[in-house]
1. Of all residues in region 81-110 being assigned to a loop (DSSP other than H, G, I, E, B) and of a type in the set (Gly, Ala, Ser), which is surrounded by the most Cβ atoms within 10 Å (Cβ to Cβ)?
2. Kindly indicate the residue of region 113-128 that is in contact (Cβ under 8 Å) with a residue 60 or more places away in the chain, of a type outside the set (Val, Ile, Thr) and assigned to a strand (DSSP E or B) and also surrounded by the fewest Cβ atoms within 10 Å (Cβ to Cβ) among those meeting that condition.
3. Using the structure shown, decide if Val172 is under 16 Å from the mean Cα position of the chain (by Cα) and assigned to a helix (DSSP H, G or I).
4. Here are some residues: Leu43, Leu78. Which one is in contact with a Phe, Trp or Tyr (Cβ under 6 Å, 6 or more places away or on another chain) and either hydrophobic (A, V, I, L, M, F, W, C) or assigned to a loop (DSSP other than H, G, I, E, B) (or both)?
5. Being without any contact (Cβ under 8 Å) to a residue 12 or more places away in the chain and in contact with a strand residue (DSSP E or B) (Cβ under 8 Å, 6 or more places away or on another chain) narrows it down to one of Val172, Val195, Val146, so name that one.
6. Give the residue, chosen from Ser211, Ser191, Ser221, that is of a type outside the set (D, E, K, R), farther than 15 Å from Phe134 by Cα, under 15 Å from the mean Cα position of the chain (by Cα) and not in a strand (DSSP E or B).
7. Could you please let me know if Phe134 is out of contact with any His (no Cβ under 8 Å at 6 or more places or on another chain) and over 24 Å from Arg10 (Cβ atoms)?
8. Considering only residues that are polar (S, T, N, Q) and either more than 16 Å from Asn164 (Cα to Cα) or touching a Pro at 6+ places or on another chain (Cβ under 8 Å) (or both), look in region 179-238 and name the one that is surrounded by the most Cβ atoms within 10 Å (Cβ to Cβ).
Amino acid sequence: MKTEGSGALRVLSWNVHGCIDTRGRYRPEEVASMLQRLDADILALQEVDTRRRPVGDINARELFERTVASQSVFAATLADASGQYGHMLMSRFPIEQAHIHDLPRFDKEPRKLIHGRVRTDQGPVDAFATHLGFRRREQAPQVRAVAGLISDARHPVVLLGDLNERFRRGAVFRALNPGFQSAPRRATFPSRWPVLPLDQIWFRSLHLVQSRICRESGGLSDHLPVMADLSFGEGQGG
């Protein structure tokens, strides 16, 4: 674990695709087990879907909160009588304050930004989690709104999410690069033969120790998780 004594904060973002694997099977318990193995302190999970529970009526959100990290904030973007669909910010440290911001909307699915003030053992961190739209006409105004909101944070910042950024110097890079750093943007989608760097980690007033794409997650989702260790002191990069 990174939570005690190591000086590093491990953060992770993963689009879990409703816990539907690349063969169409519902596998929430295997996703939860993988998250436990990856051992992150702050996590952002996208496409968490409690509407479809074909095996044993397992509620993925409740499972993650019970087995991965009890501190969480859920942003529902779609809902019906059977449950909710959205994304969540999770932490092993206390989340002292939480806000959910609406982002510019262009289609039937709203987009939101979660902001949680996380009290780590080295001080507060403003953690943000989002899932941006895929179309260019919606992505640019959404990421500009995100940039404005995270720029106002008073503490070290980490932004995690499926940013749906297909281009290495696209709208996300142009909006965030002036004031924030990113972990190396590596391809995460599709998980079996990744070519697009959709899932990203950005930060400010923290230092990168190391980062990687978690290929051991295999075909549990159509996305691979991206993970980084960040420090409050000087990092090594990579």
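1. Step one: filter region 81-110 for residues assigned to a loop (DSSP other than H, G, I, E, B), giving 81-82, 92-94, 103-110.
The next check asks that each one be of a type in the set (Gly, Ala, Ser); those that pass are 81-82.
Working: Ala81: 5, Ser82: 10.
Here the residue is Ser82.
2. By that ranking, first place goes to Gly123.
3. Yes, satisfied.
4. Numbers: Leu43 fails: in contact with a Phe, Trp or Tyr (Cβ under 6 Å, 6 or more places away or on another chain).
The match here is Leu78.
5. On the way: Val172 fails: without any contact (Cβ under 8 Å) to a residue 12 or more places away in the chain; Val146 fails: without any contact (Cβ under 8 Å) to a residue 12 or more places away in the chain.
Of the residues listed, the single one that is without any contact (Cβ under 8 Å) to a residue 12 or more places away in the chain and in contact with a strand residue (DSSP E or B) (Cβ under 8 Å, 6 or more places away or on another chain) is Val195.
6. Result: Ser221 is the single residue among Ser211, Ser191, Ser221 that is of a type outside the set (D, E, K, R), farther than 15 Å from Phe134 by Cα, under 15 Å from the mean Cα position of the chain (by Cα) and not in a strand (DSSP E or B).
7. Working: out of contact with any His (no Cβ under 8 Å at 6 or more places or on another chain): yes; over 24 Å from Arg10 (Cβ atoms): yes.
Yes.
8. Residues of region 179-238 that are polar (S, T, N, Q), as a first pass: 181-182, 188, 191, 200, 205, 210-211, 217, 221, 231, 236.
Now narrow it down to the ones that are either more than 16 Å from Asn164 (Cα to Cα) or touching a Pro at 6+ places or on another chain (Cβ under 8 Å) (or both): 181, 188, 205, 210-211, 217, 231, 236.
On the way: Gln181: 17, Thr188: 26, Ser205: 15, Gln210: 17, Ser211: 19, Ser217: 21, Ser231: 18, Gln236: 10.
Ranking the qualifying residues of region 179-238, first place goes to Thr188.
Every number in this text was worked out from the coordinates using simple rules, so none of it is lab data. Source: prediction; values computed, not measured. Reconstructed Cβ throughout: ideal geometry from the backbone, glycine too, with neighbour counts over all protein chains shown.
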